[in-house]
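Asker: My structure is below; once you've seen it, I'll send some questions.
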Amino acid sequence: MDDKKPDTLVTFDTPDSDYNLGSCMIEGALDPCMIVIIGASGDLAARKIMPALYNLYLKGAFSSPFLVVGASRTEMTDESFRDRMRLAMSGHAGLDLSEWDSFSSRLFYCPLVYGDPDSFEVLSARLKRLDLEGSTAGNRMFYLAIPPILYQEVARMLGRADLSREQGDFNGWSRIVVEKPFGRDLETALALDSALHENFLEHQIFRIDHYLAKETVQNILMFRFANAIFEPVWNRRYIESVSITAAETLGVEHRAGYYEHAGVLRDMFQNHMMQLLSLTAMDPPSRFEADLVRDEKVRVYRALRPFPVDNLREHLVLGQYEEGDLEGAKVPSYRSEERVSGSSLIPTYAVMRVFIDNWRWQGVPFYLESGKRLKRKLTQIAIDFREVPHSMFRSIVGVEIAANRLILGIYPEEKISLTFQTKQPGAKVCLRSVTMDFQYNRDYKGPMLDAYEKVLVDCMLGDQMLFWRQDGVNLCWSFLTPILESCETCGDRAENLMFYPAGSWGPEEADTIMPLRR
């Protein structure tokens, strides 16, 4: 995450395209459907799901009939639910609410007690009536916007109420959507999968990782496999190392109750970081199809070298943020956050060095880094190429020639940049680093889908390309669980936790793991 700017910036012009941009928004028409948000009174529904659905409505994505049914333990009527969602939408800056009345006429609500079979029977009866009135053809998507501890119970209740069957009164489809985390270790992940499969088949289960739906993350595969000049050098012969960074300026915020039982490894590494790793390292599938792409990701996870848990300090650094200055303001330490123990040993930062033992990547270190309260928000993948094997300029230039570097920027700059060497103008031979820089949204004026809009569309289309498959979940937990067990049970746990001031790039000890960090 080098803050140093290259000497020169070379910007690519984007040529005019013959493609119809509007045709790239959605592939095929969405089926008529009913979207059931279980946990509709919660934060996730108000901050992410409902704004995404409303934005899709504004963009004309719903050409077929659709209804949205909220269900939670809070007592509300249809009208009070609409009012509550309208108030939540008003908190989203820049959101056009001119069509809210039309959209909200499709919102309904049914109180639901999560562990009560009778309550789910009431929900089932309400959905059947709305199916008939709204012409949604019996197609239902159940989005579990509830704490992960409730996933198993609610999935079983949906099955008992016959809401998981795809051959019901209308022969429609039924899909269940769960957000990460998928368990807290391998054992609990397997238990969750078993509970989901009691009533839902694998093609009905959509395990969301919203990182995968970011346009720039999807673009990694296009960049690698749709351009003949990059794939031939995407291997151990030409690449020295790969660094994947997901830095946040936010602290634990309102998630302290969850974070105190999770920490950064469970929160970021088991899902987001592993997905970015697999997209960067995977081999090309024979066809761009969901299961073939996910097969290649799974091969990456299978090839991960077992982590040396008996020598953690040389491959892993954990940290926790202390009080510091961030963006001109004083921010508290993690231990001072609300609902956090004053002696907490939960890590808020981690950097690890991993290896992939296969033909393409043997010996190439992959550095994975993520943390909270860091200097700036940054998500990127940096590919550092090997130095030239022989420098004929050594006697003339007299300095080390910097290796080429490719940056795949995901946030805040959505970009692809390539740094290389050129001659400085003048009579003397001097080298300088220049960067060719492609800004992802440059010259694009059409509509875009944010991450939640994209995953909702794919759920309705039944496209699982951007969703986890259970074998991938299991393999990632198999890799991380020994690390977690070693970190959480060792006697010198406190000694292994390094502290860093908020507003920094993390603990200084991280430089021993990831030498190109700054």
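Nothing in this text is a laboratory measurement; each read-out follows from the coordinates by a stated rule. Just so we're clear, the structure is a prediction, and the values are computed from it rather than from any experiment.
Asker: Given the pairs Lys48/Lys180; Lys375/Lys454; Lys375/Lys423; Lys48/Lys454; Lys377/Lys423, which are separated by over 23 angstrom at their Cα positions?
Answerer: Numbers: Lys48/Lys180 14 Å; Lys375/Lys454 29 Å; Lys375/Lys423 34 Å; Lys48/Lys454 12 Å; Lys377/Lys423 34 Å.
The answer is Lys375/Lys454; Lys375/Lys423; Lys377/Lys423.
Asker: With the contact rule set at Cα under 8 Å and sequence spacing of 6 or more, what percent relative contact order holds for the chain? Could the numbers behind the result be given before it?
Answerer: Values: 911 pairs, mean separation 100.4, N = 518.
RCO, the chain: 19 percent.
Asker: Go ahead and estimate [θ] at 222 nm for the chain from helices alone: -39,500 (n - 2.57) per DSSP H run with n ≥ 4, summed, over the residue count, rounded to 500. Walk me through the intermediate numbers first.
Answerer: Working: 13 runs with 138 residues, N = 518.
Rounded to the nearest 500, it is -8000 deg cm²/dmol.
Asker: Sticking with this structure for a sec: For Cα Rg over 2.2 N^0.38 Å, several values are listed as (i) 1.38; (ii) 1.04; (iii) 1.12; flag the one computed from this structure.
Answerer: (ii)
Asker: Could you state the angle between the C-alpha long axis of helix 186-197 and the longest principal axis of the C-alpha atoms of the chain, as a value from 0 to 90 degrees rounded to the nearest 10?
Answerer: Computed tilt is about 40 degrees.
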